[in-house]
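S.K.: This is the structure, below, for whatever I ask next.
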Amino acid sequence: MSASGGTKAIVAALAANLAIAVAKFVAFLFSGSSSMLAESVHSLADSGNQGLLLVGGKKAQREATPQHPFGYGRERYIYAFLVSIILFSVGGMFALYEGYEKIKHPHEIDHWYWPVGVLVFAIIAETFSFRTAIQESNQVRGKKSWKEFVRHAKAPELPVVLLEDLGALVGLILALVGVSLALATGDGVWDGIGTLCIGVLLILIAVVLAIETKSLLLGEAAGAEEVRKIEAATVDGDTVTRIIHMRTLHLGPEELLVAAKVAVRHDDTATEIAAAINAAESRIRDAVPIARVIYLEPDIYSETEAAKGPDPEASPGGPAPTSEH
């Protein structure tokens, strides 16, 4: 994912949510609707989310230091994780509490035109924000389904913004339904039920984001397409004859570590092997530009050792397991 695309989607969502949060809170003050209060907190939480994503993107650009030799690319994962755990959960739990209180102590909604008008305005504004996130995501997701894109994206910003905007739109519809039923029946309990539904929605989204960003924090390998390109670029068939085993790890969304043990011919000189390793590294960087940290270890491949069984160091789903000595 390009950083500019993610930033554009984040800024669009931030501008929309700040305007919507103010409008929702004003509507709450005039109407007393708990759905509007929950939605105003939701929008404030979303605004904080986008602020954290922008901070994470800025911090991730710092240069590597002796203490952090692989740089700060994972800052983006950390701040995305904070978004899912803290702000979404705070918004969700507040909505659950507010909905419970409104059901327990219902009252009619005053000045109905305030919540209805603000919700219609908010739906329009969120639709534009969601449309921007979809457009930016379409530029990088390729042929992946939306589910695959959210689950396998290495850059967290667009999936987070997509789920935020989707949750915001669904939450607004739930609030509008709750308010409409409360106005139609004269029973404020419906407003509380709508608020409870918003809380459940936010917590579900928080769980999904937490699971996906946790996986990124733990460290994910390169995608299948990148692995194929790296394998093809590494082996030249002359000096580097095969990959014995390989590991890849995302140090950040746009930075990949590649470590591999490669087979070389037993009669090659040290100079020839060093030149072949340098050439292989250059081919890998040309094939996969985000492969910025590469360690290739030369070894002698042995058919006899390979016949004894799989190499315990071989990665699942990677090149065919072999052994060396």
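The values are calculated or read from the model by the stated rules, or taken from the named source; none is laboratory data. Bear in mind that the values here come from a model prediction, so they are computed numbers and not experimental data. Ideal geometry is used to build each Cβ from the backbone, glycine not excepted, and the neighbour counts take in all protein chains shown. With ligands, DNA and RNA removed, areas are computed over all heavy atoms of the protein, side chains included. Shrake-Rupley method; radii C 1.70, N 1.55, O 1.52, S 1.80 Å.
Results for (1) surrounded by 16 or more Cβ atoms within 10 Å (Cβ to Cβ); (2) under 25 Å from GLY51 (Cβ atoms), shown as yes or no for each residue.
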position	(1), (2)
GLY117	no, no
VAL120	no, no
ALA133	yes, yes
LEU166	yes, yes
LEU172	yes, yes
LEU176	yes, no
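S.K.: It is to be established whether one or more residues within segment 97-106 are of a type in the set (A, V, I, L, M) and without any contact (Cβ under 8 Å) to a residue 60 or more places away in the chain.
M.R.: Checking segment 97-106: not a single residue is of a type in the set (A, V, I, L, M) and without any contact (Cβ under 8 Å) to a residue 60 or more places away in the chain.
S.K.: While we're here: Within segment 94-132, count every residue that is within 13 Å of ALA182 (Cβ to Cβ) and of a type in the set (A, V, I, L, M).
M.R.: Here the count works out to 4.
S.K.: Something else about it: Could you check segment 188-202 and list, in sequence order, the residues that are open to solvent by 50 Å² or more (accessible area, probe 1.4 Å) and either β-branched (Val, Ile, Thr) or within 16 Å of VAL116 (Cα to Cα) (or both)?
M.R.: Matches in segment 188-202: TRP190, ILE193, VAL200.
S.K.: Looking at segment 135-152, which of the residues that are under 12 Å from the mean Cα position of the chain (by Cα) and hydrophobic (A, V, I, L, M, F, W, C) is least open to solvent (accessible area, probe 1.4 Å)?
M.R.: The extreme case among them is PHE149.
S.K.: Also, quick follow-up: Let me confirm something: among LEU172, LEU201, which residue is out of contact with any Gly (no Cβ under 6 Å at 6 or more places or on another chain) and either closer than 16 Å to PHE130 by Cβ or not in a helix (DSSP H, G or I) (or both)?
M.R.: Every option except LEU172 fails the conditions.
For (1) within 30 Å of GLU98 (Cα to Cα); (2) more than 23 Å from the chain's Cα centre (by Cα), each residue gets a yes or a no:
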position	(1), (2)
GLY194	yes, yes
GLY237	no, yes
VAL258	no, no
LYS261	no, yes
ASP268	no, yes
ALA274	no, yes
ARG283	no, yes
ILE294	no, yes
PRO298	no, yes
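S.K.: Right, here's the next one. If you check VAL189, VAL207, which single one turns out to be farther than 30 Å from PRO289 by Cβ, among the β-branched types (Val, Ile, Thr) and within 17 Å of the chain's Cα centre (by Cα)?
M.R.: After applying the criteria, what remains is VAL207.
For every residue, the table says whether it meets (1) over 20 Å from MET93 (Cα atoms); (2) touching a Ser or Thr at 6+ places or on another chain (Cβ under 8 Å); (3) aliphatic (A, V, I, L, M); (4) free of Cβ contacts under 8 Å to residues at least 24 places away in the same chain.
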residue	(1), (2), (3), (4)
LEU181	yes, no, yes, yes
THR195	no, yes, no, no
GLY199	no, no, no, no
SER215	yes, no, no, yes
VAL227	yes, yes, yes, no
ALA260	yes, yes, yes, no
ARG265	yes, yes, no, no
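S.K.: Could you count how many residues in segment 205-260 are in contact with a Leu (Cβ under 6 Å, 6 or more places away or on another chain), crowded, with 22+ Cβ neighbours inside 10 Å and in a loop (DSSP other than H, G, I, E, B)?
M.R.: Within segment 205-260, residues that are in contact with a Leu (Cβ under 6 Å, 6 or more places away or on another chain), crowded, with 22+ Cβ neighbours inside 10 Å and in a loop (DSSP other than H, G, I, E, B) number 1.
S.K.: Considering (1) open to solvent by less than 30 Å² (accessible area, probe 1.4 Å); (2) touching a residue at least 40 places away in the same chain (Cβ under 8 Å); (3) not in a loop (DSSP other than H, G, I, E, B), say which one ALA155 fails and leave the rest.
M.R.: Just one mismatch for ALA155, condition (3).
S.K.: Does ALA182 satisfy being assigned to a helix (DSSP H, G or I), closer than 25 Å to LEU53 by Cβ, among the small types (Gly, Ala, Ser) and in contact with a Phe, Trp or Tyr (Cβ under 9 Å, 6 or more places away or on another chain)?
M.R.: For ALA182, the condition - assigned to a helix (DSSP H, G or I), closer than 25 Å to LEU53 by Cβ, among the small types (Gly, Ala, Ser) and in contact with a Phe, Trp or Tyr (Cβ under 9 Å, 6 or more places away or on another chain) - is not met.
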